[in-house]
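S.K.: Before I ask anything, let me first share the structure, which is written out below as structure tokens.
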Amino acid sequence: MPRLLVITSTTRPGRVGTAVADWVLGLAREHGGFEVELADLAEIGLPFLDEPDHPSEGAYIHAHTRAWSKTVEAADAFLILAAEYNRGITAPLKNALDSLYAEWAAKPVGFVSYGMSSAGLRAVEMITQVAVALGMTPLPDIVTLPLREVQDADGRLIPGERRERGVHALLEELRRYSEALGQLRKPAAA
Ligand SMILES: Cc1cc2nc3c(=O)[nH]c(=O)nc-3n(C[C@H](O)[C@H](O)[C@H](O)COP(=O)(O)O)c2cc1C
């Protein structure tokens with residue numbers, strides 16, 4: 001079974017990212033087409049890139065980079081939970097992406113975005129630019145969570161059925177793309 005890595009983008013205490021992750025993980029497990037793993041950047045606690053060599057060398061000297069490399073390498077597809085900070089990508093996510101290189105390549109990436117005025121879409125645009133540089137294939141359809149509309153008075157997340165269907169469709173596209181891109185990840189014939 002292909003492996004889906006769901007990646008959070010925020011680390012602050014009390015973040016909405018935790019509720020978004022719970023919601024998406026539930027739907028991904030329901031989908032059934034993947035082995036699902038969560039990469040919670042708050043738990044992983046990756047330091048700012050502290051490797052002497054460019055990540056494309058894969059010559060990591062630190063155990064934390066090696067562990068992150070193993071997690072990302074094992075995945076066949078990524079689903080990024082993209083929060084928007086100051087109209088762009090969050091620092092922990094950018095650092096997590098920059099810390100590796102080949103591990104991301106020839107794999108699809110989907111986005112569930114969230115935020116205030118643009119529901120995280122401006123962050124997705126920036127992440128897409130980085131994802132392409134790393135050889136990922138970003139999927140065009142994005143599930144957006146405009147927080148003013150999808151939270152109740154107590155701050156609970158209520159995304160609704162339409163967005164649930166959107167996540168299911170995104171998961172199915174990730175499955176199809178991961179299968180197709182699997183060809184590119186096979187070692188080239190001699
Ligand atoms: C540092 C910071 C910057 C933010 N900048 C934006 C922004 O530019 N646009 C926006 O729509 N929301 C912005 N927000 C609101 C966040 O999208 C919202 O708080 C979201 O819950 C952040 O994700 P988190 O709760 O997982 O940290 C910002 C929030 C923070 C903490």
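The values are calculated or read from the model by the stated rules, or taken from the named source; none is laboratory data. Keep in mind the model is a prediction, meaning the values are calculated, not measured. With ideal geometry, Cβ positions are generated from the backbone for all residues, glycine too; neighbour counts draw on all protein chains shown. When the accessible area is computed, the model is the full protein with side chains, heavy atoms only, and any ligands, DNA or RNA have been set aside. Shrake-Rupley method; radii C 1.70, N 1.55, O 1.52, S 1.80 Å.
S.K.: Any residue that is in a strand (DSSP E or B) and farther than 14 Å from residue 84 by Cβ - is there at least one of those in the stretch 150-163?
M.R.: yes
S.K.: Still on this model: Within the stretch 85-103, count every residue that is away from the ligand (no atom under 11 Å from the Cβ) and surrounded by fewer than 21 Cβ atoms within 10 Å (Cβ to Cβ).
M.R.: The qualifying residues number 6.
S.K.: Quick check: anything in the stretch 68-80 over 14 Å from the mean Cα position of the chain (by Cα) and within 16 Å of the ligand (Cβ to nearest atom)?
M.R.: Looking through the stretch 68-80, none of the residues is over 14 Å from the mean Cα position of the chain (by Cα) and within 16 Å of the ligand (Cβ to nearest atom).
S.K.: Let me ask something additional. Taking the stretch 102-144 on its own, how many of its residues are outside any helix (DSSP H, G or I) and more than 15 Å from the chain's Cα centre (by Cα)?
M.R.: Looking only at the stretch 102-144, we keep the residues that are outside any helix (DSSP H, G or I), and these are 105-120, 134-144.
Those still in the list that are more than 15 Å from the chain's Cα centre (by Cα) too: 115-119.
Of the residues in the stretch 102-144, 5 are outside any helix (DSSP H, G or I) and more than 15 Å from the chain's Cα centre (by Cα).
S.K.: With respect to the numbered conditions (1) within 25 Å of residue 149 (Cα to Cα); (2) out of contact with any helix residue (DSSP H, G or I) (no Cβ under 9 Å at 6 or more places or on another chain); (3) within 16 Å of the ligand (Cβ to nearest atom), which one is the sole condition not fulfilled by residue 43?
M.R.: Looking at each condition in turn, residue 43 falls short on (1).
S.K.: Right, here's the next one. Need pairs with beta-carbon distance below 6 Å; first residue in contact (Cβ under 8 Å) with a residue 40 or more places away in the chain and under 11 Å from residue 9 (Cα atoms) and within the stretch 98-127, second of a type outside the set (A, V, I, L, M) and part of a loop (DSSP other than H, G, I, E, B); sequence gap 6+ or separate chains.
M.R.: Pairs that qualify, where the first residue is in contact (Cβ under 8 Å) with a residue 40 or more places away in the chain and under 11 Å from residue 9 (Cα atoms) and the partner is of a type outside the set (A, V, I, L, M) and part of a loop (DSSP other than H, G, I, E, B), are 114/120; 123/84.
S.K.: Mind checking which pairs have a first residue in the stretch 73-90 that is within 9 Å of residue 122 (Cα to Cα) and a second that is open to solvent by less than 10 Å² (accessible area, probe 1.4 Å) and within 16 Å of the ligand (Cβ to nearest atom), Cβ under 6 Å, 6 or more apart or different chains?
M.R.: 84/115; 84/120; 84/123; 88/123; 89/123; 89/127
Let's see how each residue does on (1) away from the ligand (no atom under 16 Å from the Cβ); (2) more than 15 Å from residue 16 (Cα to Cα); (3) surrounded by fewer than 12 Cβ atoms within 10 Å (Cβ to Cβ):
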{"residue": "110", "(1), (2), (3)": "yes, yes, no"}
{"residue": "119", "(1), (2), (3)": "no, no, no"}
{"residue": "122", "(1), (2), (3)": "no, yes, no"}
{"residue": "139", "(1), (2), (3)": "yes, yes, no"}
{"residue": "155", "(1), (2), (3)": "no, no, yes"}
{"residue": "174", "(1), (2), (3)": "yes, yes, no"}
{"residue": "178", "(1), (2), (3)": "yes, yes, no"}
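S.K.: Restricting to the stretch 157-170, and then to whatever is closer than 19 Å to residue 9 by Cβ and without any contact (Cβ under 8 Å) to a residue 60 or more places away in the chain, can you tell me which residue is nearest to the ligand (Cβ to nearest atom)? Talk me through it step by step, then tell me what you get.
M.R.: Looking only at the stretch 157-170, we keep the residues that are closer than 19 Å to residue 9 by Cβ, and these are 157, 159, 163, 166-167, 170.
Cutting the leftovers down to without any contact (Cβ under 8 Å) to a residue 60 or more places away in the chain gives us 163, 166.
Values: 163: 16, 166: 19 Å.
Out of the qualifying residues, it is 163.
S.K.: Restricting attention to helices (runs of 4 or more DSSP H) lying wholly within the stretch 1-84, give those where 2 or more residues are among the small types (Gly, Ala, Ser) and crowded, with 21+ Cβ neighbours inside 10 Å.
M.R.: Because the criterion is at least 2 residues that are among the small types (Gly, Ala, Ser) and crowded, with 21+ Cβ neighbours inside 10 Å, the helices (runs of 4 or more DSSP H) in the stretch 1-84 that meet it are 17-31.
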